[in-house]
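Since the structure comes first, as C-alpha cells, the remarks are kept for the end.
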Amino acid sequence: MARWSEIAGILAKEASYRARRRAGAERSRLIKLVGGGLVRSNLLGALLFTGMSLFFCIGAVFDQRFIVPMMGVLGLVELLVGAFATASTVHVILTEGLLEPLSTLPVTESDIRLALLSVGVYWGGLSMVFAVIPGALLIAARRGMWTVALWGTLEAVALLLLAFGVGYLLGSLSPKYTRSRISRALQTVAWLLFFGFGLLFQLLPHQAAGFEGEAGVPGWLLLVPPFSFPAAALGVREAIASSLAFAALSSVILRVGAGRLWRAASSGRFALPTSAPTGKWVITAGRLQPLKKDLRLLGMNPRMLASTVYYAVIGPAIVIAPMLADVMTGDSGISRFLPAIGLFFGGVGGAGVYYLYALDAEGARLLYHLPLTRGEVARQKALTLAATVSPIVLIVGVVGALSGGMLAGLAAVVTYGLTLLGSAMLNSAILAKRLPREPSAWTQETFSKGTLGLLMLAEFVVFGAAAAAAVVPAMLFGGVGSDLLSTALALIESIFTLYLGWKWTRGLRDPL
Amino acid sequence: MLSYLDVTKLYGEVKALDGVTVEFRSGVINALLGPNGSGKSTMMKMSVGLVRPDSGQVRVDGVDPSKDPVAARRIVGYSPEEIVLYESLTPAELFSFVGSIHGIPKETLKERVNTLIRLFRLEEYMGKLIGELSHGNRRKVSIALALLHDPRVVILDEPFSGLDPQAGKILKELLRKYANEGRTVLFSTHVLELAEAVADRITILHQGRVVGFGSPKDLKERLAAADLETAFLKATGLSEEVRELLETLWGS
Ligand SMILES: Nc1ncnc2c1ncn2[C@@H]1O[C@H](COP(=O)(O)OP(=O)(O)OP(=O)(O)O)[C@@H](O)[C@H]1O
Ligand SMILES: [Mg+2]
C-alpha cells in the first residue's frame, strides 16, 4: 500500500472515532460526514445531484442551444458546493488537529496531497461529480454526441480538483489567527464575497431562462470555464484550449492549496510570529463578559464573522431583495409591509447563531469545567448574535425611514430586533441541547450537517407564515387603520417570539 | 471534603475505577499517585461531573457532582491534566470571562488576578495571546483559572508538569496555605519525591483500586520500605515486575 493511502485511512478513522466519542455513549448514532463507507457517505449527495443534473439537462436533449448554459451552470454548482464543503471539512481537520501528529514525520507534501484528496472524495467529494456527469451522459446518449460525455467528465473532474483547491486555500486561512487587523478585515471581506456567490444561484436561472428566445449564448461565454467544456464538446476550438488550460490551472491550485493547508496544519495556529504588544491589559467583570469574549473571538476569526453576518443578514436579504423590489415598484407602498418584513428578516436570521458555537472551537472544552447550564450558554450565544448584527438593525431602520416614513421604519427596527433575538434564542436552545456531553471542541461538524438546513427551513415556514398573517389586514382593507393593525400584529408576534425564546432558554437547566 | 464511596467506572471492558472508597479530608494536602492508566484523572474528573460513576457515590462538600455538576463546579477549582484554553484570547480576557461566569465582583476579581499573576510571574504575558505562550506559562494560566473563584476544594491534575522550579515552589506553598485555611487540596503527580515532600496524605491507585493510603511515613513503615519509591512499587506489586524486566533486558 502506498503511503498516502495509509495516511488517508488514518485521517478518516481518526475523524470518525472522535465524532463517535463526541456523540457520547448515550447517543450512539454516528455523526454525518465521517460515518459509513465510500458509498454511504456519497450516496445521498450523488442521488440529489443526479436528479438535479438530469432535470437541468432535459431541455438540452431536445434543443442543442441549452447544452452550453445548462452544463456550465451545473459545473458552477459543483464548484461552489464542493469548495464550500471542502472548506468546512478543512476547518474541522485543523481545529481537531488531525494533521498535527503527521507533522513530525518524514512524509512528503505529495503524500499529504493525495491523502487529502482521497479523504475528500471519501467524505462525499465523489458525489460532486454527479452534478455534471449524468446530465452529460444523458445528452450524449440521446443526441448521439459522445464528445459531450467526454468533455462533461473532464469538466466534472477539473472542477472537483479546483473545488478542493479553493476549499483548502480558504479553509486553511480560517483557524489561523493573525494579529493584523487589516488582514483580518480583508479576510472577512473575502469570505463574504465567497458566500455571496450564492447570489449566482439567484441570477443564473434568470440568465439561463433568457437564452430561451435567443440563439445560444453570448460568444465570450463559450470561452469561459466551465462553459467552455460543453462548448469544446461542440467543437469550438478556442474553447478546447481554454478548457485544457483551466484543467491544468485547477490542478495547480489544488497543489498550492494542499501545500498551504499542510503548512498551516504543521506550523501551529499563528500566521505571523508576533512582536506582540505586551503592554496594556485590563481585568473587567460583569454579566457582559461572555458577550465580550465571543465578540473578541469573532474579531479574531474572519471566517466565522463572515458566516454569521452572512446567515443572519445577507442571506435573508438576498431572499427579501426581489420581494422588496417588487413591492417598491408596485404602487402599494412598501411602508405598510415593513414591520412584517422586519419580523421575517429577524426570524430567519436567528439561525446564524449556529456559527457562534463553532466559534469556540477547542476552547469550548474549558466551558465544561465552568458552572454553566446549557440554557445560559444558549442565551449568551443569542445575545452575541443580536449584538453582532445590531448595526444592521440601524441600517434597516434608516432605509425603512427613508422609503416608508419614520413610524414604519421604527416599527420595522423593533420587530426585526425583537424577532432576531427571540429566534436566535430558540435556535440556540435547540443547538445547546444537542451539544456533546463530554468536553469536546465545537466545530461546524458538532451538529449534524442537516441541522442548519432544517432550522433555516423551519424558520422560513414559521416566520413566513407569521409575517403573512401580519400583513393580512393591510392587504385586505387598506387605509391607515388597517396598516396600524398590521403593525400591531407584527409587534405582538415578535414580542411573542422573544418570550418563547426566553422561556426555552430558561427551561434548559441541564449542565454543560 | 471530597469523598468516594465504592465508586466504579467502566469504559467498555476496562475497569477504570473498581470499587474505590477514599476520603480526602480538608486541612491537609492530599496526593494521588498511581501508574499510567490507574484511574487518577478519571477520579478527579468525577469531582466536577465530567465523568459519572457507574455505581457508588462521589461527594464534594455534600454535593453530588453527577447530579448537580454546576453546583460542584462552584465549589471545586479543577485544573485538568490536558491544558484547555482559548488560544486567541489573552490571559487577561480569559480571567475576565471565567471570573464573570463565577460571578466574582470586579474589585475582588482584580485583586485575585493580581495576586495570582504576581505569584506565577504572568504579568508580562497578560496582553499576549494564549496561543503564543509557552507550555509552562499555559499551565500557570490553567492553574490560576482554577483558583480564581477561591474554591473550597482544589483539585489539580498533574499541576507540576511543565512548571519551572520557581513556579513549582510557589505552587507548593500555595497548596500548603490552602490546606492551612481548612480547604480540601488534592493533586496528582508521578514525581514521588514531590509527593513525599509536599503531601500529608498519599493515596496510591493501581488498576482502579486503592492499594495504599496514609502519610508518607505510615506508608513506608507499613511496607517496610526505605523510600516512597520502594513503597510505591511494593504497594502496586510492580517491584517484582521491574526487577524481572531489568534482568531480562540487561541481566543486571
Ligand atoms: N474516554 C475514555 N474512553 C475509554 N477509556 C478511557 C477513557 N478515559 C480513560 N479511559 C481508561 O481508563 C483508565 C484510567 O484512565 P485515567 O486517565 O484515569 O488514568 P491516569 O491514572 O490519569 O493515567 P495517567 O497517569 O497516564 O494520566 C485507563 O485504562 C484508560 O485507558
Ligand atoms: Mg491522568
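The values are calculated or read from the model by the stated rules, or taken from the named source; none is laboratory data. Computed from a predicted structure; not experimentally measured. In this analysis, Cβ positions are derived from the backbone assuming ideal geometry, glycine residues included, and neighbour counts consider all displayed protein chains. In case anyone asks, the SASA skips ligands and DNA or RNA and just uses the protein heavy atoms, side chains included. Shrake-Rupley method; radii C 1.70, N 1.55, O 1.52, S 1.80 Å.
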Keeping the other protein chains in place, figure out the carbon and sulfur percent of the accessible area of the range B:75-159, with a 1.4 Å probe.
41 percent
Find which of A:Ser440, A:Thr95, B:Val113 sits farthest along the positive direction of the dipole of the protein assembly as shown, computed with +1 on the beta-carbon of Lys and Arg, -1 on that of Asp and Glu, about the Cα centre.
B:Val113
Could you give the nm distance between label points at A:Val480 and B:Glu240, where each point is 7 Å from its Cα heading toward the beta carbon?
10.0 nm
The range A:427-512 -> Rg/Rh from Cα coords, Kirkwood Rh, value 1.16
Between B:Glu247 and B:Ala224, what is the FRET efficiency for a Förster distance of 30 Å, r being their Cβ-Cβ separation, to the nearest 0.05?
0.85
Computed Rg/Rh of the protein assembly as shown, alpha carbon atoms with Kirkwood Rh
1.04
Per residue, accessible area of the range B:1-69 with a 1.4 Å probe, heavy atoms of protein chains only, in Å², comes to 41 Å²
With 21 Å as the limit, write out which pairs from A:Lys433/B:Lys140; A:Lys293/B:Lys172; A:Lys280/B:Lys128; B:Lys15/B:Lys172 have Cα-Cα distances beyond it, or answer none.
A:Lys433/B:Lys140; A:Lys293/B:Lys172; B:Lys15/B:Lys172
Cross-link partners of B:Lys234 among lysines (Cα-Cα below 18 Å; sequence separation of 8 or more within a chain):
B:Lys217, B:Lys220
Beyond 24 Å, what percent of the Cα pairs of the range B:2-216 remain?
40 percent
At 1.4 Å probe size, with the rest of the protein present, what percent of the exposed accessible area of the range A:469-512 is carbon and sulfur atoms?
75 percent
Want the number for B:Arg118 to B:Leu10: 0.36 nm per residue separation, take away the alpha-carbon distance, what's left?
34.7 nm
Report, in debye and to the nearest 20, how large the dipole of the range B:2-216 comes out about its Cα centre when Lys and Arg carry +1 and Asp and Glu carry -1 on their Cβ.
320 debye
How many Cβ atoms of partner chains, on average, are near each residue of A:338-350 if near means within 10 Å of its Cβ?
0
Could you tell me the accessible area of B:Ile170 in Å² (1.4 Å probe, neighbours in place), rounded to the nearest ten?
40 Å²
Chains B and A together, accessible area buried on both sides, 1.4 angstrom probe, square angstrom:
3600 Å²
